[in-house]
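The values are calculated or read from the model by the stated rules, or taken from the named source; none is laboratory data. Keep in mind that this is a model prediction, so the values were computed, not measured. When we count neighbours, we look across all protein chains shown, and the Cβ atoms used for this are built from the backbone with ideal geometry, even at glycine. These accessible areas exclude ligands, DNA and RNA; they are computed on the full protein's heavy atoms, side chains included. Shrake-Rupley method; radii C 1.70, N 1.55, O 1.52, S 1.80 Å.
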Amino acid sequence: MSNPDLHSLLFQWATLEPQRCRQQDDIHFEVRYLDHWLTITDQPVSHGNIIAAVLAGCQENQIYCTIDYTPRYENIAATIEVGCIPKMFRYRDGDEVISSIPTLLLMEYLDRLQRRSDNNE
């Protein structure tokens with residue numbers, strides 16, 4: 001995977017929720033969605049698989065989740081809000097602000113899973 005942040009989050013997910021995310025080898029993962037294991041690659045098409053699997057996990061675990069994107073307007077930065085994590089991004093031509101959604105969504109989901117796990121111990 002070319003995104004080290006996403007790779008470490010997928011590793012954490014595979015540890016916390018192996019029934020939904022599993023590691024194939026050092027760099028490849030699979031996520032489970034609608035009873036199918038889907039391979040995650042470093043290609044943007046995998047972002048949809050990650051988002052779908054996280055949203056399914058949120059539904060199954062009754063974890064609140066929202067995704068809101070406000071595009072850049074003149075001199076105001078674009079905003080992405082995932083769950084309760086608002087993130088501000090400076091816009092530059094060519095920036096792919098939307099591509100951060102899988103990482104932010106997974107980060108929020110794992111945080112909530114970990115807190116739930118800690119509270120049950």
Quick test for you: out of GLN43, GLN59, pick the one residue that is part of a loop (DSSP other than H, G, I, E, B) and open to solvent by 80 Å² or more (accessible area, probe 1.4 Å). GLN43
Filter the range 8-31 for residues that are open to solvent by 80 Å² or more (accessible area, probe 1.4 Å) and either among the hydroxyl-bearing types (Ser, Thr, Tyr) or in contact (Cβ under 8 Å) with a residue 24 or more places away in the chain (or both) and give the result. THR15, ILE27
The one condition LEU34 fails out of (1) surrounded by fewer than 16 Cβ atoms within 10 Å (Cβ to Cβ); (2) within 17 Å of GLU108 (Cβ to Cβ) is (2)
Could you tell me which of the residues ASP5, ASP93 is open to solvent by 60 Å² or more (accessible area, probe 1.4 Å) and either among the small types (Gly, Ala, Ser) or at pLDDT below 75 (or both)? ASP93
